[in-house]
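The values are calculated or read from the model by the stated rules, or taken from the named source; none is laboratory data. As the structure is a prediction and not an experimental result, all values here were calculated from the model. Virtual Cβ from ideal backbone geometry, glycine too; neighbours counted across all protein chains shown. Areas reflect the complete protein model, heavy atoms only, side chains present, ligands, DNA and RNA absent. Shrake-Rupley method; radii C 1.70, N 1.55, O 1.52, S 1.80 Å.
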Amino acid sequence: MNAEHGKCGYSGDLLNNVNGLYFFLPIVLLIQLFIFKDYIFCNKLLVFLDAGCDAYNIFYPSFMHAARYIRTEGLPTWSFHSGMGQSIFPGYINSPFFWILNLFGPDRLAYGIVFVEILKSTITGILFYLFLKTLDFSKFSCIAGGLMASFLGYLILGSSGWYGHSSNVVYFVLMLYAFELSYKKDNWLLFPVAVFFSADNPFRLYLFGVFFLTYALFRILSDNTLRGKEILYFLLKLAGCGAVGAGMSTVFTYNNLLGMLNSPRVSGDVSATNGLMSFSVFETVDLLEGVTSLMRFFSNDLMGTGSNFNGWRNYLEAPAFYSGLLPLLLFPQVLFLAGRRKKIAFACFFFFWMIPLIFPFFRFTLYAFMGSYYKHGLSLFIPFLFLIYGLHGLEHIQKKTPVNGIVLFSTLVMLLVLLYFPFFSSTQFAEKEMINSDLRLIISCFLFMYAGLLYFLKIDKLKNFVKLMLLIILCFETGYLSSITVNNRDSVTREQFESKVGYNDYTVEGVAYIQSVDSGFYRINKDYPSPLGELDSINDARVHGYFGTPSYSSFNKQEYIEFLKATEIIEKGNEMKTRWAVGLLQRPLLQAISSVKYNLVKPDDFSKKSSFYKLSYEPITQFGDVMVMKNKFTLPFGFTYDIFLKRNDFDQLSKTQKDIALFFTCITGNDIPGLNEAKLSEIKGLLKNFTLKTFSENVEQKRANSMDLTYFSQKHFKGEISLKKKKLLFFSIPFDKGWKAFDNGQPVPILQTNIGFSGIMLDKGVHRIELKYLPEYIKPAFCISLLFMIVYMTLGFLRITKLKNKPPLLKNAANKLG
């Protein structure tokens, strides 16, 4: 009998004579084939258009953009495809899953998403199998646990349109396995690697850190094998290994952290912190949120699927606690684990993580008052807690004491009561079917079957048959319930993807034409969405490969958002609009100063445009239902100002006055030595006498005093300009300290001007201008990562050397331990 058989099986067991992983993998792959068959055979794409339309509006455009950027620009740093420009480092280069997806190429990338998500599901199952094996669980429990982990509700939900969340599950289970290797076998080499993959998202690392601190204490207290100094030494070693992993990831982590801190949702006026901190500490969840939490233990879809979801918030942000129905029946069996200390440890760990589900203030505290969330943290921790507890119960009734029938059937009754209790009978939802009655009946049948089989598990002659039936029903349950989440949804069909709709509409021909006749730096305004999903996409520039102005992102650049607020495109205090930043879509004057040279518009929409718009844009060609327009008044990238207006004066102008004022004056919060200050009364007088003739003259004057662009890429510009007096050279680049400017080879400071953009002061004379972008602090961050990588490799080398130098008997013992 091999080592695996010795650890995960016992005499007479059904699975004694098979390799556990060889048995497990085909089962998982068959269930995945059943769930994802339409996507595997390319009838549909795993890109959703319903409540999961973030797949269509954010993730797919971002994947396309990153794949194209790496091929054309190299290391992803700054991109003008995101709003009017934003740092995009590291741009997925630290994700192993992106590199697999990237193999499909930008044009076929959408077809590869399903295979990457299947890979995540498989890896999650394997890692959890190995985690259970490290805990010396039986082979049957390892296989059952691996199956349930592979189809965890939160993982399948993430695979169904929110792909970053399925990656969260993989990294979390990798950390679980790495922790147990450290704790049980004193093998620390994997833990820094697990932290490295988790640390690219600082908020995720923080949440994982909170969980694993409590998990470490739980393991120490439940095992009672460490004493005093040993406990302190273990925790310090755990923290040290975590620090090494986080250190190795510094070069990827810090820029994401800066991006979060710089975003309106964290440092802007739409932060949720003050509102969440005002909650009463012991105020309980409302009825809808509480019932949603309960129902989502049974299935992702008991309260509806996708856009038909009836629960709290929405399909993704609602609690996603499903880890299988079997653990719900089994987890109370941990009450019968041997030893009072172990029972207390299990109870304390359980109630600690139940508190945030009952009292929202503690959930807000866990999420650092950043928002009312379950995703990233609780939707991951809670189902694994139930899964681990349930499997402990399964182990107990297999190896020690037969199942306690009274507890088992009491648990069954309690679960059925929760399923059928009329929570909404006297509420505003009374007339609405909040809970799917057909699915509830099916879940009830699964619970009855599991309860019956668990009861008969105590009969020795039936054990093998019962285990086989449990695995078969488990396969049906996970496959059926996961299939609802994946398939009862509106997703992109192959026909849609390849026909002239959505991102493949006549925008493709319009952009291709513009790029064939104009090789300079300019932006394109696309005046219509390319809709397929429930919500219109505004990230089209990332897919079609042009420079635009809108951006849909969780963390848009604060300086750009501030400009949109100052020009009254976004109203202050509207957090949603800071994510759905529509850019300069309906503001032709602002488009002109921002180098928006072309406009793509539908003929019907063009006929409804204002007279000024029709004066500004002239049609040059048409493809299908898309007209290509050229802006007659656009200003080149790099034009000059010789007067400035204070920001507080600018704020007193009307919306139209603000647009016109930006043609004549640069806006600043401070005096600019060498430039004349315009008074508010002067600007209002100038605007009062504003005519098309004066506007045209101003445009021609600024074109004559602009930079001649000789070279550009998205992160490097070169140009020349000759000035007769001191002026400010303005660039429509959102202000970022990563940009460095050089005048005739000498560094010059970049000023933040026009609220959120960039400019440099130039004296009279001829200037050779160069702009370069490198993410702020990337060099020291890279050095820190390199240093910790060396530390990790040194520790690994010392451990391997130590094992090699052990006497043969000790070496064999160490190998058996892992």
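Where in the range 1-76 are the helices (runs of 4 or more DSSP H), entirely inside, with at least 1 residues that are among the basic types (Lys, Arg) and at pLDDT below 95?
Qualifying helices (runs of 4 or more DSSP H): 3-8, 60-72.
Would you say Leu335 is assigned to a helix (DSSP H, G or I), under 30 Å from Ile397 (Cα atoms) and open to solvent by 10 Å² or more (accessible area, probe 1.4 Å)?
For Leu335, the condition - assigned to a helix (DSSP H, G or I), under 30 Å from Ile397 (Cα atoms) and open to solvent by 10 Å² or more (accessible area, probe 1.4 Å) - is met.
For Thr273, indicate whether it is out of contact with any Asp or Glu (no Cβ under 9 Å at 6 or more places or on another chain), open to solvent by less than 40 Å² (accessible area, probe 1.4 Å), at pLDDT below 95 and over 28 Å from Asn310 (Cβ atoms).
The answer is yes for Thr273.
When the residues of the range 730-761 are narrowed to those that are assigned to a strand (DSSP E or B) and charged (D, E, K, R), which ends up least open to solvent (accessible area, probe 1.4 Å)?
In this case the residue turns out to be Asp743.
If we keep just the residues of the range 511-537 that are open to solvent by less than 30 Å² (accessible area, probe 1.4 Å) and among the β-branched types (Val, Ile, Thr), which is farthest from Gly638 (Cα to Cα)?
Val511
Please pick out the residue among Thr284, Thr253 that is touching a residue at least 12 places away in the same chain (Cβ under 8 Å), outside any helix (DSSP H, G or I) and over 26 Å from Asp490 (Cα atoms).
Only one candidate passes the filter, namely Thr284.
Please work out which residue is nearest to Leu441 (Cα to Cα), limiting yourself to the range 269-308 and to residues that are under 21 Å from the mean Cα position of the chain (by Cα) and of a type outside the set (S, T, N, Q).
Per the criteria, the residue is Gly306.
Hey, could you check the range 66-84 for residues that are open to solvent by 10 Å² or more (accessible area, probe 1.4 Å), in contact with a Pro (Cβ under 9 Å, 6 or more places away or on another chain) and touching a residue at least 40 places away in the same chain (Cβ under 8 Å) and say which is nearest to Arg523 (Cα to Cα)?
The extreme case among them is His81.
Under the condition of being in contact with a helix residue (DSSP H, G or I) (Cβ under 6 Å, 6 or more places away or on another chain) and not in a helix (DSSP H, G or I), which residue from the range 85-121 is surrounded by the most Cβ atoms within 10 Å (Cβ to Cβ)?
Phe89
Can you name every residue in the range 193-244 that is open to solvent by 50 Å² or more (accessible area, probe 1.4 Å) and outside any helix (DSSP H, G or I)?
Residues satisfying the conditions are Asn224, Thr225, Arg227.
Answer yes or no as to whether Ala320 is in contact with a Phe, Trp or Tyr (Cβ under 7 Å, 6 or more places away or on another chain), among the small types (Gly, Ala, Ser) and buried (at least 22 other Cβ atoms within 10 Å of the Cβ).
Yes.
Kindly provide the set of residues from the range 461-503 that are in contact (Cβ under 8 Å) with a residue 12 or more places away in the chain and among the acidic types (Asp, Glu), ordered by number.
Result: Glu477, Asp490.
Return the residues of the range 338-388 that are buried (at least 21 other Cβ atoms within 10 Å of the Cβ) and touching an Asp or Glu at 6+ places or on another chain (Cβ under 8 Å); say none if nothing qualifies.
Answer for the range 338-388, where residues must be buried (at least 21 other Cβ atoms within 10 Å of the Cβ) and touching an Asp or Glu at 6+ places or on another chain (Cβ under 8 Å): Tyr374, Lys375.
If you scan the range 474-510, which residues turn out to be open to solvent by 40 Å² or more (accessible area, probe 1.4 Å) and of a type in the set (Asp, Glu)?
Asp490, Glu495, Glu498, Glu509
Residue check: is Lys725 touching a residue at least 12 places away in the same chain (Cβ under 8 Å), open to solvent by 60 Å² or more (accessible area, probe 1.4 Å) and either more than 29 Å from Thr72 (Cα to Cα) or part of a strand (DSSP E or B) (or both)?
yes
If Lys715 meets every condition in (1) more than 41 Å from the chain's Cα centre (by Cα); (2) under 29 Å from Trp739 (Cα atoms) apart from one, which number is that one?
It is condition (1) that Lys715 fails.
Could you tell me whether any residue of the range 136-154 is closer than 30 Å to Tyr773 by Cα and either at pLDDT 95 or above or in contact with a helix residue (DSSP H, G or I) (Cβ under 7 Å, 6 or more places away or on another chain) (or both)?
We begin by selecting, within the range 136-154, every residue closer than 30 Å to Tyr773 by Cα; these are none.
Within the range 136-154, none of the residues are closer than 30 Å to Tyr773 by Cα and either at pLDDT 95 or above or in contact with a helix residue (DSSP H, G or I) (Cβ under 7 Å, 6 or more places away or on another chain) (or both).
Please tell me if Ser160 is farther than 22 Å from Tyr206 by Cβ, surrounded by 24 or more Cβ atoms within 10 Å (Cβ to Cβ) and in contact (Cβ under 8 Å) with a residue 12 or more places away in the chain.
Values: farther than 22 Å from Tyr206 by Cβ: yes; surrounded by 24 or more Cβ atoms within 10 Å (Cβ to Cβ): yes; in contact (Cβ under 8 Å) with a residue 12 or more places away in the chain: yes.
In short, yes.
Considering only residues that are in a helix (DSSP H, G or I), farther than 20 Å from Leu385 by Cβ and of a type in the set (Gly, Ala, Ser), which ones fall in the range 122-165?
Those that are in a helix (DSSP H, G or I), farther than 20 Å from Leu385 by Cβ and of a type in the set (Gly, Ala, Ser): Ser159, Gly164.
Here are Asn436, Asn404: which of them is open to solvent by 20 Å² or more (accessible area, probe 1.4 Å), farther than 13 Å from Leu326 by Cα, touching a residue at least 12 places away in the same chain (Cβ under 8 Å) and more than 36 Å from the chain's Cα centre (by Cα)?
Exactly one residue qualifies, and that residue is Asn404.
Look at the range 78-103 and say how many of its residues are farther than 16 Å from Pro775 by Cα and touching a His at 6+ places or on another chain (Cβ under 9 Å).
Result for the range 78-103: 1.
Would you be able to tell me the number of residues in the range 568-586 that are at pLDDT 90 or above and either in contact with an Asp or Glu (Cβ under 7 Å, 6 or more places away or on another chain) or at positive phi (or both)?
Residues flagged as at pLDDT 90 or above and either in contact with an Asp or Glu (Cβ under 7 Å, 6 or more places away or on another chain) or at positive phi (or both) within the range 568-586 amount to 2.
Within the range 593-606, which residues are closer than 19 Å to Gly510 by Cα and part of a helix (DSSP H, G or I)?
Of everything in the range 593-606, those that are closer than 19 Å to Gly510 by Cα and part of a helix (DSSP H, G or I) turn out to be Pro603, Asp604, Asp605, Phe606.
Among (1) open to solvent by 10 Å² or more (accessible area, probe 1.4 Å); (2) within 18 Å of Lys557 (Cβ to Cβ), which single condition is Ile790 missing?
The number of the failed condition is (2).
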